[in-house]
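Asker: Before we start, here is the structure in question, set down as structure tokens.
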Amino acid sequence: MYEYLTGLVTSVTPQYVVLEVSGVGYQLFVANPYRFQEDPAKKVRIYVYQAVRDDAITLFGFVDRAEKQLFLQLINVSGIGPKSALAILANPDHQGLIDAIANDNVGYLTKFPGIGKKTASQIVLDLKDKVAGMTSNTLLTPAAPAETDNPALQDALAALTALGYKEREVKRIKKQLLKTDANTTQEYLSQALALIN
């Protein structure tokens, strides 16, 4: 029904953003909400997918058409729902994901939360031909600067939990992140996903 929405991001949480369009706030579940944590006065365009179930109507958001297309491919795989697809797309290396599918790299895919060997094999089986020649041009927007007591790190860890990573994995990653030179939520989250995967 919707292709994209253009408006102001008025709220960023570990799971979703709120995009205000003409006085209406849309709750959009996105792979990495902190990509949208920019100047609150700057309008952004977010591509959307509407999922309709008996008990809910949910909007999912994407930074560009390429990310939305990859999401649509993933949710067509048996065993992959919208939330699992978002957890996979939270890793900023979308080209690495495409390459893993194209090269039968099941091990790479099983590192994502909720993706076992059987589901990873199904992803390869269903999408190998469809991702051939596909490239990713995902644009990452910078996050807001970190404040005192390192809320950027806390937000990144909360986002990992929201994506389905286990508490012990998040604790292990936290120790490693404290040794990095990351300053923003986006930087922490990108490094965390690289360390996990």
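The values are calculated or read from the model by the stated rules, or taken from the named source; none is laboratory data. Note that this is a predicted model, so its numbers are computed, not measured. Here Cβ is always computed from backbone atoms with ideal geometry, including for glycine, and neighbour counts include all displayed protein chains. When the accessible area is computed, the model is the full protein with side chains, heavy atoms only, and any ligands, DNA or RNA have been set aside. Shrake-Rupley method; radii C 1.70, N 1.55, O 1.52, S 1.80 Å.
Asker: Could you check the simple spin-label distance between Gln27 and Asp93, using points 7 Å along Cα→Cβ, in nm with one decimal?
Answerer: According to this spin-label approximation, the distance is 3.4 nm.
Asker: What are the ³J(HN,Hα) couplings of segment 8-13, residue after residue, when phi is run through the Karplus curve with 6.51, -1.76, 1.60 and θ = phi - 60°? Round to Hz, x for glycine and proline.
Answerer: Going residue by residue, I get 9, 7, 9, 8, 10, 10 Hz, with x marking Gly and Pro.
Asker: Specify the inter-centroid distance of segment 1-23 and segment 116-130, based on alpha-carbon positions, in whole Å.
Answerer: After rounding, the separation between the Cα centres reads 31 Å.
Asker: While we're on this one: How do 163-174, 5-16 rank on mean C-beta neighbours within 10 Å, highest first?
Answerer: 5-16, 163-174
Asker: Still on this structure: With every protein chain present, what is the per residue accessible area of the chain (1.4 Å probe, Å²)?
Answerer: Per-residue value: 51 Å².
Asker: Using Cα springs under 10 Å in a Gaussian network model of the chain, which residue among Leu74, Leu127, Leu178 shows the largest mean-square fluctuation?
Answerer: The residue that fluctuates most here is Leu178.
Asker: Let me ask something else. Of the listed peptides 79-87, 40-48, what is their order by residue-averaged count of other C-beta atoms within 10 Å, with the highest listed first?
Answerer: Peptide ranking by packing, descending: 79-87, 40-48.
Asker: Would you pull out the residues with amide H under 5 Å of Asp64's amide H, same chain only if 5 or more places away, H placed 1.01 Å from N?
Answerer: Placed amide hydrogens put Tyr47 under 5 Å from Asp64.
Asker: In whole percent, and with a 1.4 Å probe on the protein chains, what portion of the accessible area of the chain is carbon and sulfur?
Answerer: 49 percent
Asker: In addition: Please list, ordered by chain and number, the residues whose modelled amide H lies under 5 Å from the amide H of Tyr26; skip anything fewer than 5 residues away on the same chain.
Answerer: Correct list: Leu19, Glu20, Val21.
Asker: Next question, about the same structure. Note down the nm distance, to one decimal, between modelled labels 7 Å out along Cα→Cβ at Thr10 and at Asp39.
Answerer: 2.1 nm
Asker: Rounded, prolate or oblate: which fits the chain, taking a ≥ b ≥ c as square roots of the Cα gyration tensor eigenvalues, rounded meaning a/c under 1.5, else prolate when a/b beats b/c?
Answerer: Oblate.
Asker: Can you give me the long-range amide H partners of Ser11? Hydrogens built in the peptide plane at 1.01 Å from N, cutoff under 5 Å, separation of 5 or more residues or another chain.
Answerer: Val18
Asker: Something else now. Using alpha-carbon positions, what is the distance between the centroids of segment 167-197 and segment 42-86, in Å?
Answerer: Cα centroid of segment 167-197 versus Cα centroid of segment 42-86: 25 Å apart.
Asker: Another one. So between Ile75 and Asp129, what do we pick up on full extension, going 0.36 nm a residue minus the alpha carbon distance?
Answerer: The span from Ile75 to Asp129 would gain 17.9 nm if fully extended.
Asker: Do the sum for the chain: with -39,500 (n - 2.57) for every DSSP H run of n ≥ 4, divided by all residues, what is the mean residue ellipticity at 222 nm, to the nearest 500 deg cm²/dmol?
Answerer: When only DSSP H runs of four or more count, the value is -12500 deg cm²/dmol.
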